[in-house]
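Taking it in order: structure first as structure tokens, then the write-up.
The values are calculated or read from the model by the stated rules, or taken from the named source; none is laboratory data. Note that the coordinates shown come from a computational prediction; the quantities given were computed from them, not determined experimentally. All Cβ positions, even for glycine, are placed from backbone atoms using ideal geometry, and neighbour counts span all protein chains on display.
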């Protein structure tokens, strides 16, 4: 993997070649060691070292951009020449936001030598083998354990430089019984003491053991307990459709016209917080702007939105540092943290007279973003609770519900939270108990 100085050399070469135009360069270099298993056997162990360079050249009203994995000097010079030539043919468009001018330097390392030592290829294989050895004969397991290292560098024509070094582990486990029931668990993190692969695998195994002979329930309104993975699914999609400045500017967000108003239960707080040690601690965005902590929901009130450069310019506010270089979204919150409650998930379950326990959702889609209406299927562990005990597995069902309704029907918030993978980084969320959660369809399994 390329060093910091090598990444800066790439940036300097591109910026020099792009003169006199405004330019910015993002270099994403990373390695991934992946150990994958299926049918209860390790079947793949691979290592990838990849570098991608994103170059953006702008004039007052034009933008020319490309990505390349060819970063030798000759290739980079050719790419820049092509981008400059493209500017000639592009029509005049919207006024481009100014390049980020400060602070001049941001460099950070959120990197653990202990994590690197604990997740070598040999130790990943041994961890998975130890997990597979706990399986019953009529169960099979599928999943992956990855150790990744990332070097992200940025520079622009205003002389700013950015660099971040990170490493991270992701683990997933799907345990399936020959009779058809399954259980699932997924963990992510950058701190060895917060990563417990055997415990995650045991949760998936236990769910698979419970998930047999599912009963059939009719669609309707039910009290549900959403485990952190299910909560994260909801939060991830809300971040796409509602929490960005651009979604409000387009009037597609369910927060349109509601900033300053209470939209959720007053116990709910939702903050995009890159400083939280349970998130991906990247202090700058893909435009080079310093990332800020954004309180999106405070005591149930819609407080603020995330912005990239273009959406911030249109709103007449400073960027919040949330560009993922996808202008369609307009600055995406990728490190959402939800405040914990007072009772553990186990206690919430034990105190529930009637409820349905949801492990995670699948095939989630927005039905009506302006109403916050989402739909998805339950998956890999859907259970009926009576008098504090799981009494039966339930055939998977489809929910269709407005988040403006669901998150005003909060009964409990768990004290224990989990780091859960999201589209670009990860969230840190508790479990939620909600009343009158609407299931609108059912499946045969």
- Item | Residue list for region 36-48, filter: in contact with a strand residue (DSSP E or B) (Cβ under 6 Å, 6 or more places away or on another chain) and exposed (fewer than 12 other Cβ atoms within 10 Å of the Cβ) | 39, 44, 46, 47, 48
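In region 301-313, is there at least one residue being at positive phi and not in a strand (DSSP E or B)? If you could, list the steps in order and put the result at the bottom.
Start the filter on region 301-313 by keeping residues that are at positive phi, which leaves none.
No - not one qualifying residue is present in region 301-313.
For residue 168, are the conditions met, namely being at negative phi and part of a strand (DSSP E or B)? Working first, answer last.
Details: at negative phi: yes; part of a strand (DSSP E or B): yes.
Yes; evaluated as a whole, the condition is true for this residue.
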- Any idea which of 277, 287 is buried (at least 23 other Cβ atoms within 10 Å of the Cβ) and in a loop (DSSP other than H, G, I, E, B)? 287
- Note on the structure: Quick count over region 390-434, residues being surrounded by fewer than 18 Cβ atoms within 10 Å (Cβ to Cβ), under 21 Å from the mean Cα position of the chain (by Cα) and in a loop (DSSP other than H, G, I, E, B), is 2
- (1) at pLDDT below 95; (2) under 19 Å from the mean Cα position of the chain (by Cα); (3) within 22 Å of residue 442 (Cβ to Cβ): which one isn't true of residue 184, the others all being true? (1)
- Task: Collect the residues in region 164-182 that are over 24 Å from residue 119 (Cα atoms) and in contact with a strand residue (DSSP E or B) (Cβ under 7 Å, 6 or more places away or on another chain), keeping them in residue-number order.
- Result: 176, 177, 181, 182
- Task: Say whether the condition of being outside the structural domain of residue 188 (by TED's automatic domain parsing), within 22 Å of residue 182 (Cα to Cα), crowded, with 24+ Cβ neighbours inside 10 Å and over 21 Å from the mean Cα position of the chain (by Cα) is met by at least one residue in region 231-238.
- Result: no
- Task: Confirm whether residue 36 is on the phi < 0 side of the Ramachandran plot and more than 32 Å from the chain's Cα centre (by Cα).
- Result: no
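Would you check if residue 316 is surrounded by fewer than 22 Cβ atoms within 10 Å (Cβ to Cβ), under 30 Å from residue 187 (Cβ atoms), over 19 Å from the mean Cα position of the chain (by Cα) and assigned by TED's automatic domain parsing to the domain that holds residue 262? If you could, list the steps in order and put the result at the bottom.
Details: surrounded by fewer than 22 Cβ atoms within 10 Å (Cβ to Cβ): yes; under 30 Å from residue 187 (Cβ atoms): no; over 19 Å from the mean Cα position of the chain (by Cα): yes; assigned by TED's automatic domain parsing to the domain that holds residue 262: yes.
For residue 316, the condition - surrounded by fewer than 22 Cβ atoms within 10 Å (Cβ to Cβ), under 30 Å from residue 187 (Cβ atoms), over 19 Å from the mean Cα position of the chain (by Cα) and assigned by TED's automatic domain parsing to the domain that holds residue 262 - is not met.
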- Query: Among 242, 221, 200, which is more than 17 Å from residue 279 (Cβ to Cβ) and assigned by TED's automatic domain parsing to the domain that holds residue 175?
  - Reply: 200
- Examine region 351-371 for a residue that is over 22 Å from the mean Cα position of the chain (by Cα), modelled with pLDDT of 95 or more, surrounded by 22 or more Cβ atoms within 10 Å (Cβ to Cβ) and over 21 Å from residue 215 (Cβ atoms), and state whether such a residue exists. no
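With respect to residue 208, is the statement that it is touching a residue at least 24 places away in the same chain (Cβ under 8 Å), more than 18 Å from residue 364 (Cα to Cα) and surrounded by 22 or more Cβ atoms within 10 Å (Cβ to Cβ) true? Please lay out each step first, then the result.
Details: touching a residue at least 24 places away in the same chain (Cβ under 8 Å): yes; more than 18 Å from residue 364 (Cα to Cα): yes; surrounded by 22 or more Cβ atoms within 10 Å (Cβ to Cβ): yes.
Yes.
So, in region 314-337, of the ones that are outside any loop (DSSP other than H, G, I, E, B) and in contact with a helix residue (DSSP H, G or I) (Cβ under 7 Å, 6 or more places away or on another chain), which residue ends up nearest to residue 94 (Cα to Cα)? Outline the logic, then answer.
So in region 314-337, the residues outside any loop (DSSP other than H, G, I, E, B) come out as 314-315, 336-337.
Adding the requirement that they be in contact with a helix residue (DSSP H, G or I) (Cβ under 7 Å, 6 or more places away or on another chain) leaves 314-315, 336.
Working: 314: 10, 315: 14, 336: 31 Å.
Among those residues, the one meeting the criterion is 314.
To keep it simple, each residue is scored yes or no on (1) part of a helix (DSSP H, G or I); (2) out of contact with any helix residue (DSSP H, G or I) (no Cβ under 7 Å at 6 or more places or on another chain).
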{"position": "199", "(1), (2)": "yes, yes"}
{"position": "203", "(1), (2)": "yes, yes"}
{"position": "207", "(1), (2)": "yes, yes"}
{"position": "218", "(1), (2)": "no, yes"}
{"position": "225", "(1), (2)": "no, no"}
{"position": "236", "(1), (2)": "yes, yes"}
{"position": "239", "(1), (2)": "yes, yes"}
{"position": "253", "(1), (2)": "no, no"}
{"position": "257", "(1), (2)": "no, yes"}
